[in-house]
Each structure stands twice: as structure tokens, then as C-alpha cells.
Amino acid sequence: MGKVYLVGAGPGDPELITVKALKAIQKADVILYDRLVNKELLSYAKNGADLIYCGKLPNYHTMKQETINHFLVRYAASGKVVVRLKGGDPFVFGRGGEEAEACAKKGISFEIVPGITSGIAAAAYAGIPVTHRDASSSVAFVTGHKQNHQQEDEKWESLSKGIDTLAIYMGVSNLPYIKEKLIQYGKSKDTPVALVHWGTTDVQKTVTGTLDTIVDMVKKEKIENPSMIIVGEVVRYREKIQWFEKKMIMSEAL
């Protein structure tokens, strides 16, 4: 019997991979990897390892989740070391819980290797601290997908009234809806908002505005997924402490 490692590859910068994750990649017989995984990490795989692409685009799944689960179980049952390499952290909107359940159901040994999630890392690379003792004592990780159930309004009401900083994943296409709900349930139209596109990579781009202006700014700048949406007073600190994009500009100038 083999083993499955559910591995977080981090937010994009390959140097943000953890040591434990890198060791798992190096010993894997099979690696099933997602679209947002930096392909540079695959160069650490051993010779002969099978590399299987499972990437998902918005509204289009290259490989269904049930198929991925089947591959994890099948390869491990045949005695192979299997790495499921996922962007960010496997348990933060990564369906890692579902994959762990599939392994447990079939008696397959597995380990979880956490990764740095974009909700923290993309914000940090944009010069935005998700918490700050003068501005934010709470942060929530939120999916930007619109949910078709009765609790949808309750969710946005709680987030609007009870959380200082929102880190919203996969929300670009629903940004007008998100803006509407946050304002409807009490967030000021002047609340700062940032979108960080391809955060932590050398093509990172950050757009800032307010709840009132951000939709128009995103259209103007043609910001698409993958992007993190950061909502809250902490966005104001970017003006003082943004560092990564300044570093990139300086590097290009040299």
C-alpha cells in the first residue's frame, strides 16, 4: 500500500513552498497538480514520476473531483507515493477535505501538508496586513462564488457587521454582487478595497479603490481571475508599506 500527500504549493512564488512540501514532491511517484501551481515546482520531481494535470478554470473543470479522488486511491492502492499538489493550502477552498475523506473511506494512508494561502500572501505582497492592532482584529476567508440558498443573505450580513477584514477568493466575476451585499448590510461605500491579481508572482498587479468605485476600476484595468479581493481598513496601509511591486519596478530599471 502506498500513501497520499495532500500538499499545499503556496500562492505562486515557488520560494514560498514549505520544506515538508518540497520533500513530498521529491519522493512522489505520481503528482496530480492544479492550474495555479507554479510549474517550477514540478522540476523537483524525481526522474520517472508521473505528472498528471488536474487544473480547473472558472466554469470549466478539466478533471472532475470524483475522477481525481479515484486516481488518488487507485495509485496509492498500487503501492505508489502520490502527491496531490494544490495551489495555496489544500484545506482553504482547495477541496482537500473531500480528497482526505475519499482516502479514509478506502483505507488509504494520507498526510496533510499545509501551504501558504493567497488570502494572506497576496495581501502581504501587496503591502496589506490582514490584521493590524489599530485597524483589524478579525479576518475571514470567504468564497466569492454566489451561493443559491437561503443563508446567503445571513452570511453577508454577518461578514459586513462582524468582521474587520475580508479576504475573498474567486470573486472577480461576482464583484458587483459582493459590493451590493456588503453595502446593503452596513459596510460604508468608502470602505477600502484591493484586488491583487496573480499575487506573489512577477506579474502581480494590484488595483485599489472603495466599495463605491472598485467595480468600475476593475473593469477599466481588466482585472480577471486569479485575484484576491481584500476588503477593509487595512487596505489603507498599502500606501505606506507596499514593497513587492516597488521591488519589481526597481529590478526592471537596473
Carbon and sulfur atoms account, in whole percent of the 1.4 Å probe accessible area of region 47-158, for 50 percent
DSSP beta bridges in region 108-222: the antiparallel percent, rounded to 5, is 60 percent
Relative to the chain, whose Cα atoms define the longest principal axis, helix 65-77 and its Cα axis are tilted in degrees, nearest 10, by 40 degrees
Net charge near residue 183 (other residues with Cβ under 9 Å of its Cβ; Lys, Arg +1; Asp, Glu -1) is +2
For region 137-252, averaging the sequence separation of alpha carbon pairs under 8 Å that lie six or more residues apart and dividing by its residue count, the contact order in percent is 27 percent
Descending packing, highest mean Cβ count within 10 Å first, for 189-200, 93-104 is 189-200, 93-104
Once amide hydrogens are built 1.01 Å from N within the peptide plane, the residues lying 5 or more places from residue 210 or on another chain with amide H under 5 Å from its amide H are 193
Contact order relative to length for region 139-190, counting C-alpha pairs under 8 Å separated by 6 or more residues, stands in percent at 47 percent
For the chain, longest principal axis from Cα atoms; helix 151-162 axis from its Cα atoms; angle between them, nearest 10 degrees, is 60 degrees
antiparallel share of DSSP beta bridges within region 1-124, to nearest 5, in %, is 15 percent
To the nearest 10 degrees, the tilt of helix 175-184 (Cα long axis) against the first principal axis of the alpha carbons of the chain is 50 degrees
The number of Lys pairs in region 1-151 whose alpha carbons lie under 12 Å apart, excluding pairs fewer than 8 residues apart on one chain, is 9
With residue 171 itself left out, Lys, Arg at +1 and Asp, Glu at -1 over residues whose Cβ is under 14 Å from its Cβ give +1
Treating only Lys and Arg (+1) and Asp and Glu (-1) as charged, each at its beta carbon, one finds that the chain has a dipole about its Cα centre, in Debye to the nearest 20, of 560 debye
Reduced to Cα centres, the span from region 162-214 to region 1-77 in Å works out to 30 Å
For the chain, dividing by residue count, accessible area per residue (probe 1.4 Å) in Å² works out to 51 Å²
Counting only DSSP beta bridges fully inside the chain, the antiparallel percentage to nearest 5 is 45 percent
With label points set 7 Å from each Cα along the Cα-to-Cβ direction at residue 70 and residue 203, the distance between them in nm comes to 3.3 nm
Summed over the other residues with a beta carbon less than 14 angstrom from that of residue 83, with K and R at +1 and D and E at -1, the charge totals +3
In debye to the nearest 20, the charge dipole size for region 81-213, taken about the Cα centre with +1 at each Lys and Arg Cβ and -1 at each Asp and Glu Cβ, equals 180 debye
Mean separation of Cα contacts under 8 Å (at least 6 apart) over the residue count of region 26-102, i.e. the relative contact order in percent, is 38 percent
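The values are calculated or read from the model by the stated rules, or taken from the named source; none is laboratory data. These numbers come from a predicted model, not from an experiment. Here the Cβ is made from the backbone with ideal geometry for all residues, glycine too, and neighbour counts use every protein chain on show. Only protein heavy atoms, including side chains, enter the accessible area calculation; ligands, DNA and RNA are left aside. Shrake-Rupley method; radii C 1.70, N 1.55, O 1.52, S 1.80 Å.
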